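Visitor: The structure is given below, and queries will be raised subsequently.
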Amino acid sequence: MTSGVDIIQITDLHIHSDPAKRVHGRDTVATLQQVVDAIGRDETTPAIVLATGDLTDNAKPAAYDRLRPLLAALDLPVYVIPGNHDLVPAMEERLVGGAIHHVSSKAAGAWTLAFLDTTIPHQTEGHLDDERLEALDREIKEADTPHVMVVMHHQPVPIGSPLDVCGLMNAEALYDVMDRHAAVKGLLWGHIHHTHDSSRNGVRRLGTPSTCAQFLNKAGIDATFTDEPPAYRRLRLNDDGTIETDVVWVD
Ligand SMILES: [Fe+2]
């Protein structure tokens, strides 16, 4: 077997500050608890967990307070980034600390995970300004591992869904940076509440379903959800720069 490092991605947790509130028709604490329990039973031995945005549904301090013990129960280092439903100041104040980290990069085996904030406060769509693009360029250049995976919230590719109007609106600027560095082998995101797996210029591009409800991946904004269960993604980042991955559906 190729050697490498196992990691897990969870995304779009949508924890609400009000315990009575149902989000997308789901009790999102209960669905996240199911996912946390399933990760505890997973036969892989993940080194870290990535939580790729929409950690909360309404960005209230109380929502981050409700989320914190659920992530702590993973008993693994957790690396968080914001989604469009988050606000960074509340996230940093009420969630980050202990085993929960908000940083710009993290080395894992032969890989560097480069974390990218694609959010604009109070906007649904994503955008990368020059400062973020330059910081990413620097992060990749300074990585002391042979391989890099960029980790963010918004999708940089049309997926044929109503969410295409609120993905990463300047994905070409991101690709311009990535194309300068042969080390970049992976690009990972959330936001779409759906699976995606494609490649571009030698980079594996992966989108991951939510820990709560999944969107119907076709036009028609009213018919929005499928009856698919909560999910998480497993990734094995191999030392040779390849990625083995699957999505685990938690019934
Ligand atoms: Fe989102």
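Visitor: What whole-number distance in Å separates the alpha-carbon centres of segment 120-188 and segment 51-90?
Guide: 21
Visitor: Output the antiparallel fraction of DSSP beta bridges having both residues in segment 4-242, as a percent to the nearest 5. Let's see the in-between values first.
Guide: Numbers: 18 of 43 bridges.
The antiparallel proportion sits near 40 percent.
Visitor: Restricting to lysine pairs 8 or more places apart or on different chains, what number in the chain have Cα atoms under 29 Å apart? Intermediate values should be presented prior to the final figure.
Guide: Details: LYS21/LYS60; LYS21/LYS218; LYS60/LYS106; LYS106/LYS141; LYS106/LYS185; LYS141/LYS185; LYS185/LYS218.
Taking the chain as the scope, the lysine pair count is 7.
Visitor: Additional query: Can you give the FRET efficiency to the nearest 0.05 for TYR175 and SER104, using r as the Cβ-Cβ distance and R₀ = 22 Å?
Guide: Computed FRET efficiency for TYR175 and SER104 comes out at 0.65.
Visitor: Out of ILE140, PRO82, LEU216, whose Cα points farthest toward the positive end of the dipole of the chain (charges: +1 Lys, Arg; -1 Asp, Glu; placed on Cβ)?
Guide: The Cα lying farthest towards the positive end belongs to LEU216.
Visitor: I want the local charge near VAL88. Using Cβ-Cβ distances under 15 Å, sum +1 for each Lys or Arg and -1 for each Asp or Glu among the other residues.
Guide: For residues surrounding VAL88, the net value is -4.
Visitor: Determine the gain in length on full extension of the stretch LYS141-ALA62; use 0.36 nm per residue of separation and subtract their C-alpha separation, reporting nm with one decimal. Walk me through the numbers before you get to the answer.
Guide: Numbers: separation 79, 0.36 × 79 = 28.44 nm, distance 3.82 nm.
Taking 0.36 nm per residue and subtracting the Cα distance, the gain is 24.6 nm.
Visitor: For GLN33 and PHE225, FRET efficiency with R0 = 22 Å and r from the beta-carbon atoms, rounded to 0.05?
Guide: According to the calculation, E is roughly 0.65.
Visitor: Given q = 0.09, 0.12 Å⁻¹, what are the Debye log10 I(q)/I(0) values for the chain, with equal point scatterers placed on the Cα positions and solvent ignored?
Guide: One equal scatterer on each Cα of the chain leads to -0.34, -0.63.
Visitor: About its Cα centre, what dipole magnitude does segment 80-232 give when the only charges are +1 on Lys and Arg Cβ and -1 on Asp and Glu Cβ, stated in debye to the nearest 20?
Guide: Dipole magnitude for segment 80-232 comes out near 480 debye.
Visitor: Additional query: For ILE120 paired with THR44, estimate the spin-label separation in nm (one decimal), with each label point 7 Å from Cα along the Cα-to-Cβ line.
Guide: Taking the two extended label points, one gets 3.4 nm.
Visitor: Which ordering of VAL36, VAL248, VAL23 is given by a fewest-first count of other beta-carbon atoms within 10 Å?
Guide: Taking fewest neighbouring Cβ atoms as first place, the list is VAL248, VAL36, VAL23.
Visitor: To continue, here is another question. Give me the percent relative contact order of segment 4-242, please, defined on Cα pairs under 8 angstrom at least 6 residues apart.
Guide: So the answer I get is 23 percent.
Visitor: Still on this model: How far apart, in nm, are two points set 7 Å out from the Cα along the Cα-to-Cβ line at ASP164 and at ASP240?
Guide: 3.6
Visitor: Looking at segment 156-251, I'd like the Rg to Rh ratio, where Rg is from alpha-carbon atoms and Rh is Kirkwood's inverse mean 1/r.
Guide: Value, to two decimals: 1.00.
Visitor: Order these by the 10 Å Cβ neighbour count, fewest first: CYS166, CYS212.
Guide: Listed from fewest to most nearby Cβ atoms, that is CYS166, CYS212.
Visitor: Using 7 Å Cα-to-Cβ label points, what is the TRP249/VAL88 separation (nm, one decimal)?
Guide: Inter-label distance under the simple model: 3.7 nm.
We did not get these values from a lab; they are worked out from the coordinates using the rules stated. Just so we're clear, the structure is a prediction, and the values are computed from it rather than from any experiment. Every residue, glycine as well, gets a Cβ built from its backbone with ideal geometry; the counts of neighbours run over all protein chains shown.
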